[in-house]
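**Student:** Before we start, here is the structure in question, set down as structure tokens.
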Amino acid sequence: MTRLTSILLFWVVFVGLLVLDQSRFDKPRPEPPAVLMGSGIAASGGHCSGR
Amino acid sequence: MSVSQSSRLGIVFLAIAGVVTITFLAGVQAGLLVLIGIGFGLALQGFGFGFTGGWRRMIQARDPSGMLAQMALMVVASALALPLLAAFPEELVGAVAPISWSLIIGAFVFGIAMQLADGCGSGSLNKAGAGNIYSWAVMPSFIFGSFVGASHQPAWLSLGGPLDALAPDPSLGFSVNLLPAFGSTGAILVNVLICVMVGLVFFKMRAAATAHSGTPGSASGLASTVWNMPWLKAAAVIGILYAIHLAVAGQPWGIVYGLGLWGAKIAAGLGVNLADDAFWGVAPHAARLTEPVLWDITSLTNIGLLFGTMAASRWTNPDSAKNFLSARQWVIGLAAGLVLGYSARLAFGCNIGGFLGGVASASLHGWVWFAMAFLGSIFGVALRKRLGMG
């Protein structure tokens with residue numbers, strides 16, 4: 001397999017999974033501020049440190 | 001127009017289309033995080049910056065240049081991020097974790113596995129994005145290991161830590177956050193001091209190796225080499241992007257949480273019931289399984305990073321050599337990826353979430369992570385030799 005084939009195959013699989021995941025949800029996102037700093041809203045995302 | 005130019009235009013078009021699509025689907029913050037992720041990928045791949053190779057060069061050849069670039073990254077990220085964390089304590093959250101047995105064991109094992117997987121968290125994504133064939137073995141098991149490791153993390157945390165008796169509340173574990181104790185300036189100075197000390201130790205090790213081999217070399221010569229190499233520029237760029245990420249997302253850059261989430265989503269999609277899972281079945285992680293991946297912060301930067309490394313690799317080096325994995329490489333890659341993912345969740349993250357995130361949040365667990373993972377890498381490098389991996 002060439003590197004280009006590997007890249008193309010990877011992105012086909014990866015984007016396919018993303019599309020599949022996205023298609024399972026139709027709810028609108030309660031959109032967070034574009035930049036959280038200074039917004040008055042606390043961070044709430046998941047992180048490796050345990051939150 | 002040459003083929004190369006049209007390829008490059010295609011990459012730029014795909015990047016714009018991807019960012020616009022994700023912004024449309026998940027909002028402006030999501031689009032910004034993908035852009036930042038692309039920046040991380042371009043910097044890592046474009047400058048050839050990595051943790052695994054730098055550590056291996058230090059261990060095998062006593063070449064400290066990669067280590068010094070990593071210390072430079074710690075200084076830049078700390079100097080930019082700690083004042084932000086101090087100024088916006090209500091909105092921005094650092095990566096602070098206890099010094100637990102799970103951290104000590106997890107980081108040590110991660111250090112071994114990263115040498116066998118030939119990449120840490122960012123390095124494995126970097127290689128996958130750039131089309132490295134070995135990633136086909138490492139990445140799927142890395143994702144599965146992150147998912148299972150997160151699931152087992154609460155059990156590992158229940159073991160406590162060696163210093164819990166010193167904690168005000170031993171049930172929460174012993175964590176040290178230098179930011180409230182010393183303020184941002186004091187915490188930055190402590191980190192700079194540790195980085196200088198680590199750098200000096202590696203310089204001394206190089207000097208001792210040089211004296212032993214009789215090869216002439218000088219500290220000033222090495223300093224000149226380090227200063228001129230692209231890794232140091234990468235350290236500056238990644239450090240700046242790290243601070244921008246913190247401002248946009250409200251939390252430090254992380255990688256492995258997103259991979260574990262992808263694993264959990266795949267498992268749930270295959271019918272695995274995670275409702276009673278100790279990690280994925282409880283808030284806030286359970287809620288993330290009911291949302292699209294594009295709403296998750298670490299997933300967004302991971303997607304950007306993958307694209308950025310692909311773009312950088314195709315931009316400069318569109319090689320088309322054929323590569324195949326031997327059965328032995330498949331086995332080693334699958335096993336190493338599995339252990340890499342599992343141990344990363346025990347250790348509160350990989351080189352990015354655990355080491356960089358911890359240090360740039362002034363949490364002592366970041367330096368403990370580094371010490372244990374580097375120790376593990378010494379064993380990992382020896383194991384590579386025994387397995388014929390060089």
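The values are calculated or read from the model by the stated rules, or taken from the named source; none is laboratory data. None of the values given here were measured: they were computed from a predicted structure. Cβ: placed from backbone, ideal geometry, glycine included. Neighbour counts: every protein chain shown. What goes into the accessible areas is simple: the full protein's heavy atoms, side chains included, and nothing from ligands, DNA or RNA. Shrake-Rupley method; radii C 1.70, N 1.55, O 1.52, S 1.80 Å.
**Student:** Hey, any hits in the range B:325-336 for a residue that's open to solvent by 10 Å² or more (accessible area, probe 1.4 Å) and within 11 Å of another protein chain (Cβ to nearest Cβ)?
**Tutor:** yes
**Student:** Answer yes or no as to whether B:Leu294 is within 8 Å of chain A (Cβ to nearest Cβ), outside any loop (DSSP other than H, G, I, E, B), at pLDDT 95 or above and open to solvent by less than 10 Å² (accessible area, probe 1.4 Å). Break it down into steps so the answer makes sense when it comes.
**Tutor:** Details: within 8 Å of chain A (Cβ to nearest Cβ): yes; outside any loop (DSSP other than H, G, I, E, B): yes; at pLDDT 95 or above: yes; open to solvent by less than 10 Å² (accessible area, probe 1.4 Å): no.
So B:Leu294 fails the test.
**Student:** Could you list, ordered by first residue, the pairs with Cβ atoms under 6 Å in which the first is in the range A:28-46 and more than 7 Å from chain B (Cβ to nearest Cβ) and in contact (Cβ under 8 Å) with a residue 24 or more places away in the chain and the second is open to solvent by less than 40 Å² (accessible area, probe 1.4 Å) and among the acidic types (Asp, Glu), at least 6 apart or interchain?
**Tutor:** Here the result reads none, with nothing in the range A:28-46 linked to a residue that is open to solvent by less than 40 Å² (accessible area, probe 1.4 Å) and among the acidic types (Asp, Glu).
**Student:** If A:Phe10 satisfies every condition in (1) part of a loop (DSSP other than H, G, I, E, B); (2) facing chain B (nearest Cβ under 7 Å) but one, which is the exception?
**Tutor:** Result: A:Phe10 fails condition (1) only.
**Student:** For the range A:1-36, give me the residue count where each residue is under 19 Å from B:Thr21 (Cβ atoms) and of a type in the set (Ser, Thr, Tyr).
**Tutor:** Summing the residues that are under 19 Å from B:Thr21 (Cβ atoms) and of a type in the set (Ser, Thr, Tyr) in the range A:1-36 gives 1.
**Student:** Restricting attention to the range B:14-49, which residues are more than 11 Å from chain A (Cβ to nearest Cβ), open to solvent by 70 Å² or more (accessible area, probe 1.4 Å) and within 17 Å of B:Leu306 (Cβ to Cβ)?
**Tutor:** Answer for the range B:14-49, where residues must be more than 11 Å from chain A (Cβ to nearest Cβ), open to solvent by 70 Å² or more (accessible area, probe 1.4 Å) and within 17 Å of B:Leu306 (Cβ to Cβ): B:Ile16, B:Leu35, B:Leu42.
**Student:** Could you check B:Gly160 against (1) open to solvent by 10 Å² or more (accessible area, probe 1.4 Å); (2) in a loop (DSSP other than H, G, I, E, B); (3) closer than 30 Å to B:Leu42 by Cβ and say which number it fails?
**Tutor:** For B:Gly160, the failing item is (3).
**Student:** Which members of the range B:204-247 meet the condition of being over 29 Å from the mean Cα position of the chain (by Cα) and either modelled with pLDDT of 95 or more or within 14 Å of chain A (Cβ to nearest Cβ) (or both)?
**Tutor:** none
**Student:** Here are some residues: B:Gly260, B:Gly250, B:Gly271, B:Gly281. Which one is more than 21 Å from A:Pro33 (Cα to Cα) and either within 9 Å of chain A (Cβ to nearest Cβ) or open to solvent by less than 10 Å² (accessible area, probe 1.4 Å) (or both)?
**Tutor:** Testing whether each residue is more than 21 Å from A:Pro33 (Cα to Cα) and either within 9 Å of chain A (Cβ to nearest Cβ) or open to solvent by less than 10 Å² (accessible area, probe 1.4 Å) (or both) leaves just B:Gly260.
Condition check ((1) assigned to a loop (DSSP other than H, G, I, E, B); (2) modelled with pLDDT of 90 or more; (3) open to solvent by less than 70 Å² (accessible area, probe 1.4 Å)) across all residues:
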site	(1), (2), (3)
A:Ser6	no, no, yes
A:Val15	no, yes, yes
A:Pro28	yes, no, no
A:Pro33	yes, yes, yes
A:Leu36	yes, yes, yes
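**Student:** Then there is this: Taking the condition of being of a type in the set (Gly, Ala, Ser) and open to solvent by 30 Å² or more (accessible area, probe 1.4 Å), how many residues in the range B:184-208 meet it?
**Tutor:** Looking only at that region, the number is 2.
**Student:** Follow-up. Pick from B:Gly304, B:Gly308, B:Gly354: which is crowded, with 22+ Cβ neighbours inside 10 Å, closer than 30 Å to A:Pro30 by Cα and facing chain A (nearest Cβ under 8 Å)?
**Tutor:** B:Gly354
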